[in-house]
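Read the structure below first, then the notes.
The values are calculated or read from the model by the stated rules, or taken from the named source; none is laboratory data. The model shown is predicted, which means the values in this text are computed figures rather than measured ones. Ideal geometry is used to build each Cβ from the backbone, glycine not excepted, and the neighbour counts take in all protein chains shown.
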Amino acid sequence: MEPTDGELLERSRNRDPEAFGQLVDRYKHPMVAYLARLSGCRERAEDFAQEAFVRFYQQLGRYREEGNLMAYLFRIGTNLVVSDERRKRRWRLLEPFLAPANGHGKGPREELLAGEEQCQVSRALAGLDPLYRAPLVLREIEGRSYLEIADVLGVSEGTVKSRLHRGRQLLREKLAPYWNGNGSH
């Protein structure tokens, strides 16, 4: 019989590396899948997941098992992606001052492959602020309930619904040029 999360956590707290390895094995695939959709990049998602597990391991003594370990891990991963987005945004503000004047960089438009709907939707989703992207990914792609999303993001269900509504609006606006036949935007 498989040990429960609680049993594995207790053994992990007692420095049993095999127990913690079992927890990682149990949750790594859903974590990476979620973070890949949230970040838009599978390789980065694997890095985020690994970092989330490291941070969780460092916080083992403070975590209380109440049957929501996946939500807790998703919250750590979400926070890592949001922090990374903030860092990238700050660097983007500095890029005009740091980039060489030869113009070799490719912008998002040059990277888009015309006619690939999935790419357009992924790009539009990736372009959303993580505040709106995270609940959209959790609801529309991961199929999570409002309560689960609220738990993962550490907000109320009302906030989740509000962010989902606004996120869907923003996504529609971003995709409008593509849907209306003007894929050059």
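Inspection of the stretch 82-94 finds no residue satisfying the criterion of being free of Cβ contacts under 8 Å to residues at least 40 places away in the same chain, in a helix (DSSP H, G or I) and crowded, with 17+ Cβ neighbours inside 10 Å. Among the residues of the stretch 142-164, those that are within 17 Å of the chain's Cα centre (by Cα) and without any contact (Cβ under 8 Å) to a residue 24 or more places away in the chain comprise GLY143, ARG144, SER145, TYR146, ILE149, ALA150, VAL155. Residue-level check: of (1) modelled with pLDDT under 80; (2) closer than 23 Å to ALA134 by Cβ, ALA99 misses just (2). Based on this model, can you work out whether LEU125 counts as at pLDDT below 90 and over 30 Å from LEU147 (Cα atoms)? Criteria not met by LEU125. When the residues of the stretch 24-38 are filtered to those that are of a type outside the set (Val, Ile, Thr) and closer than 12 Å to PHE74 by Cβ, the one that is surrounded by the most Cβ atoms within 10 Å (Cβ to Cβ) is LEU38.
Listed here are the residues, each with its yes/no results for (1) in the same structural domain as PHE48 (by TED's automatic domain parsing); (2) under 21 Å from PRO30 (Cβ atoms); (3) at pLDDT 85 or above.
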| residue | (1), (2), (3) |
| --- | --- |
| LYS88 | yes, no, no |
| ARG92 | yes, no, no |
| LEU113 | no, no, no |
| GLU117 | no, no, no |
| VAL121 | no, no, no |
| GLY143 | no, yes, no |
| THR159 | no, no, yes |
| ARG166 | no, no, yes |
| LEU175 | no, no, no |
